[in-house]
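Enquirer: Encoded as C-alpha cells, here's the structure I'll be asking about.
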Amino acid sequence: MLKCDFQYQQADFLLKIKLEVQQTLLGIVGASGSGKSTFLKNIVGLLQPQQGSIQFNQRILVDTEQKIYVPMHQRKIALVFQNALLFPHMNVQQNLRYAEKLVANLEGKFQFEEVLELLELRPLIQRKAHQLSGGEAQRVAIGRALLSSPNLLLLDEPLTGLDSKLKQQILPFLKRMKDELDLPMIYVTHHLQELEYLEADIVQLNQGQLQNK
Amino acid sequence: MFSPEELSALYLSAKVALWATVTSLPLAIAMGWYLARYEFRLKFLVEACLQLPMVLPPVVLGYLLLVLFGNKGWIGQYLNAMGIELAFNWKGAVLASMIVAFPLMVQPIRLSFQLINRQLEQVAGSLGASPFRVFCSISLPLAIPGIVIGSILCFSRSLGEFGATITFVGNIPDETRTIPIAIYSFLQQPDGENMAMRLVALSLVLAFSALIANYFILQKYQRKLGG
C-alpha cells in the first residue's frame with residue numbers, strides 16, 4: 001500500500017522515515033515537534049523530501065533519484081488538518097460539493113448523501129463555517145475530505161483543540177469510517193487513547209525516527 | 001441642469017475612469033498576488049517602480065508618456081503604424097489614469113492576498129484542485145475585499161487625474177477634457193466660475209459616493225464571511 005523511505009531535513013531537524021503501511025488504520029503517536037505533521041506533509045505533497053521515495057499502491061509519488069515528484073493535486077491523498085479549515089466564503093454544502101466536483105464522475109467513491117448520513121451533517125448543510133462548533137466543523141472537514149474520493153486519508157491531530165466532550169462525539173464517527181469504509185487512513189496524534197479507541201496499529205515517532213510501539 | 005460642456009466632461013471622466021479601472025484590474029490582481037506570494041532578488045526594484053507614479057510629479061509622468069507614447073515616441077510610433085493613437089486622444093487619458101492609479105489599486109489587493117490563510121489553499125490542493133483552480137475558487141474570492149477597495153480607489157483617482165493627463169493628451173473638448181481639466185478650463189474663463197463650482201460639487205458627490213459604496217460592499221462581504 002504505502003511505502004516510504006525518505007529523509008526530510010529542515011534546519012537542524014531531520015525526519016528519517018522507513019515504513020511500509022498495510023493496515024487500514026495506522027496510528028502515529030509522538031510528542032509535539034517529533035515530526036508527525038512533517039511526515040504527513042511529505043506524504044500529501046506539501047513538502048518535498050530531499051532524498052528517497054514514496055510509493056502508494058505501486059505508484060511512485062516521489063523518487064528523488066528519478067526526479068519524480070507528483071504534485072499534490074494529482075496524488076489523491078486528502079489531508080484533514082488540526083483546524084477544520086473550511087472555506088469561509090462557502091456554506092457547509094458548498095464546502096462538501098467543492099470536493100465532490102473535483103472528482104471525475106466515475107471515480108467518485110462516496111456519495112454525497114452517504115457522507116451526510118455517516119457524519120450526520122444533514123442539519124448543518126446550510127450553515128456557514130463560522131456558525132459551526134469546533135466539532136461540527138471538523139466533521140464537515142472530514143466529510144469534505146471523503147468526498148474528494150481519496151485513496152488515502154491523512155488525519156493530522158483532528159481532535160486537537162476540541163474539549164473532551166466534543167472528542168467523544170467525533171471519535172465514534174472516525175470508528176465508523178474505519179469499520180465501514182474501504183479507505184486506508186493514517187491518524188497522527190499525541191493522545192494514545194484516541195488510537196486505542198480506534199483500534200489502530202500504532203507506531204511511535206520520536207525526534208524524526210519511527211519506532212514500533 | 002448641466003450644460004452640454006459639463007455633461008461631456010462628466011461622461012468622458014466616467015468613461016476614462018471605468019476603462020482605466022477595468023483594464024488595470026487583471027494586471028493589478030496578477031501583480032498583487034505575485035508580490036504577496038513570492039520573494040525574489042529584485043523585488044525592491046519592482047516595488048520602487050510600482051510606487052514611482054505616486055511620488056513623481058504628474059507633469060513629469062505626462063511628459064514621459066509623451067516621450068514614450070507620443071505619435072513619434074519610442075513606442076508610440078509603432079503603435080501609430082498599427083493605427084493605435086494615444087497622445088491627444090481619450091485612450092491616452094486612460095493610459096495616464098492607469099499608471100497614476102495603479103499603485104493605489106495594487107496595494108489593497110496585495111494585502112488581501114497576504115491575509116489569506118495559506119492552509120485553505122493547501123486544503124483545496126489536497127482535495128485535488130489544480131493551482132489555477134485553487135486561485136480561482138479560493139484565493140480570488142477571499143481577496144475580494146482588497147479587489148473592491150483597489151478598484152474604487154483606482155476609479156476615484158482616475159476621476160481626479162489632472163497633471164499627467166493634460167500633459168499627455170491635452171485639453172480637447174469632447175475628447176480629453178475630463179472633469180478636472182474642465183474645471184481648470186472654466187476657471188480660465190471670465191464667466192466660468194459657476195460652471196467650475198458645479199463641477200467641483202459633482203466631483204465631491206462622485207468621490208463621496210464611491211467611498212460610501214466601498215463601505216457598504218465591504219460590510220456585505222464581511223457579513224458573508226462571518227467577520
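Enquirer: Take the residue pairs B:Lys91/B:Lys224; B:Lys43/B:Lys224; A:Lys16/A:Lys76; A:Lys3/A:Lys178; A:Lys18/A:Lys178; A:Lys101/B:Lys220 and return only those whose Cα atoms are more than 32 Å apart.
Expert: On the way: B:Lys91/B:Lys224 37 Å; B:Lys43/B:Lys224 34 Å; A:Lys16/A:Lys76 24 Å; A:Lys3/A:Lys178 20 Å; A:Lys18/A:Lys178 24 Å; A:Lys101/B:Lys220 27 Å.
In this structure, B:Lys91/B:Lys224; B:Lys43/B:Lys224 lie more than 32 Å apart at Cα.
Enquirer: Short version: ³J(HN,Hα) in whole Hz for each residue of the range B:149-159, in order, from phi by Karplus 6.51 cos²θ - 1.76 cosθ + 1.60 (θ = phi - 60°), x for Gly and Pro, what are they?
Expert: Each residue's phi maps through the Karplus curve to give 4, x, 5, 5, 5, 5, 4, 5, 5, 5, 4 Hz.
Enquirer: Placing +1 on the Cβ of each Lys and Arg and -1 on the Cβ of each Asp and Glu in the protein assembly as shown, which of B:Gln188, B:Leu50, A:Ala78 has its Cα farthest towards the positive end of the resulting dipole?
Expert: Positive-end residue among those listed: A:Ala78.
Enquirer: Going by how many other beta carbons lie within 10 Å of each one, how would you line up A:Val21, B:Val100, B:Val59, fewest first? Please report the intermediate quantities before stating the final value.
Expert: Details: A:Val21 20, B:Val100 25, B:Val59 14.
Lowest to highest Cβ neighbour count: B:Val59, A:Val21, B:Val100.
Enquirer: Where Lys and Arg each count +1 and Asp and Glu each count -1, what net charge lies around A:Tyr98 among other residues with Cβ under 11 Å from its Cβ?
Expert: Details: positive: A:Arg97, A:Lys101, A:Arg144, B:Arg133; negative: A:Glu100.
Residues close to A:Tyr98 contribute a combined charge of +3.
Enquirer: The range A:145-213 to the range B:57-129: how many Å between their Cα centroids?
Expert: 50
Enquirer: How high is the relative contact order of the range A:1-114? Use alpha-carbon pairs under 8 Å, at least six apart in sequence, and give a whole percent. Kindly include the intermediate steps, with their values, before the conclusion.
Expert: Details: 123 pairs, mean separation 23.2, N = 114.
Relative contact order comes out at 20 percent.
Enquirer: Counting helices only, and only those DSSP H runs with n ≥ 4, report the 222 nm mean residue ellipticity of the protein assembly as shown as the sum of -39,500 (n - 2.57) divided by its residues, in deg cm²/dmol to the nearest 500.
Expert: That calculation yields -17000 deg cm²/dmol at 222 nm.
Enquirer: Find the centroid of the Cα atoms in the range A:80-111 and in the range B:140-197, then give the distance between the two in whole Å.
Expert: If you average the Cα positions of each part, the centres end up 46 Å apart.
Enquirer: What is the sum of charges around B:Ala17, taking Lys and Arg as +1, Asp and Glu as -1, for the other residues whose C-beta is under 9 Å from the C-beta of B:Ala17?
Expert: +1
Enquirer: Something else: In percent, what relative contact order does chain A have, based on Cα pairs under 8 Å that are 6 or more apart in sequence? Kindly include the intermediate steps, with their values, before the conclusion.
Expert: On the way: 395 pairs, mean separation 64.0, N = 213.
It rounds to 30 percent for chain A.
Enquirer: If you don't mind, there's one more thing I want to ask. Which percent, nearest 5, of DSSP beta bridges in the protein assembly as shown are antiparallel?
Expert: Numbers: 26 of 44 bridges.
DSSP beta bridges in the protein assembly as shown are roughly 60 percent antiparallel.
Enquirer: Another question, if that's okay. How do B:Leu142, A:Leu181 rank when sorted from fewest to most other Cβ atoms within 10 Å of their own Cβ? Don't skip to the end; give the middle numbers.
Expert: Values: B:Leu142 21, A:Leu181 17.
Fewest to most other Cβ atoms nearby, the residues stand as A:Leu181, B:Leu142.
Enquirer: Something else about it: Starting at the first residue of the range B:73-84, write each ³J(HN,Hα) from the Karplus equation 6.51 cos²θ - 1.76 cosθ + 1.60 with θ = phi - 60°, in whole Hz, x for Gly and Pro.
Expert: x, 4, 9, x, 4, 6, 4, 4, 4, 8, x, 9
Enquirer: May I pose another question? Taking H as built 1.01 Å from N, whose amide H comes closer than 5 Å to the amide H of A:Ile202, not counting residues under 5 places away?
Expert: The list, which skips near neighbours in sequence, is A:Gly27.
Enquirer: Still on this model: Evaluate the relative contact order of chain B (contact order divided by residue number), counting alpha-carbon pairs under 8 angstrom at least 6 apart; express in whole percent. Walk me through the numbers on the way to the answer.
Expert: Working: 276 pairs, mean separation 67.2, N = 227.
The normalised contact order for chain B reaches 30 percent.
Enquirer: Lys/Arg Cβ at +1, Asp/Glu Cβ at -1, dipole of the protein assembly as shown taken about the Cα centre: which of B:Leu120, B:Gln222, A:Gly135 is farthest positive-ward?
Expert: Farthest towards the positive end: A:Gly135.
Enquirer: Now for a separate question. Using +1 at the Cβ of each Lys and Arg and -1 at the Cβ of each Asp and Glu in the protein assembly as shown, identify which of B:Ala36, B:Leu25, B:Ser158 lies farthest towards the dipole's positive end.
Expert: B:Ala36
Enquirer: Another question about this same structure. How far apart, in nm, are two points set 7 Å out from the Cα along the Cα-to-Cβ line at A:Glu180 and at B:Leu225?
Expert: Label-label distance for A:Glu180 and B:Leu225, simple model: 3.6 nm.
Enquirer: What's the magnitude of the charge dipole for chain B around its Cα centre, counting Lys and Arg as +1 and Asp and Glu as -1 at the beta-carbon? Answer in Debye, nearest 20. Don't skip to the end; give the middle numbers.
Expert: Numbers: 15 positive and 11 negative charges, 198 e Å.
I would put it at about 940 debye.
Enquirer: For the range B:61-69, in order, what is each residue's ³J(HN,Hα) by Karplus, 6.51 cos²θ - 1.76 cosθ + 1.60 with θ = phi - 60°, in whole Hz (x at glycine and Pro)?
Expert: 3J(HN,Hα) across the range B:61-69, in whole Hz: 4, x, 5, 4, 4, 5, 5, 7, 10.
Enquirer: What order do you get for B:Thr176, B:Thr165 when you list them from fewest to most C-beta neighbours inside 10 Å? All intermediate terms of the calculation are to be shown ahead of the outcome.
Expert: Details: B:Thr176 23, B:Thr165 29.
Starting with the residue having the fewest Cβ neighbours, the order is B:Thr176, B:Thr165.
Enquirer: By the scheme Lys and Arg +1, Asp and Glu -1, what is the net charge of all other residues having a beta-carbon under 11 Å from that of B:Phe69?
Expert: Working: positive: B:Lys72, B:Lys91; negative: B:Glu85.
Here the charged neighbours net out to +1.
Enquirer: On a 0 to 90 degree scale, rounded to 10, what angle separates helix B:193-225 from the longest Cα axis of chain B?
Expert: The helix B:193-225 is inclined about 10 degrees to chain B.
Laboratory data are not the source of any read-out in this text; all were calculated from the coordinates shown. Since we're looking at a predicted model, the values are computed, not measured. Positions of Cβ are generated from backbone atoms using ideal geometry, with glycine treated the same way; all protein chains shown enter the neighbour counts.
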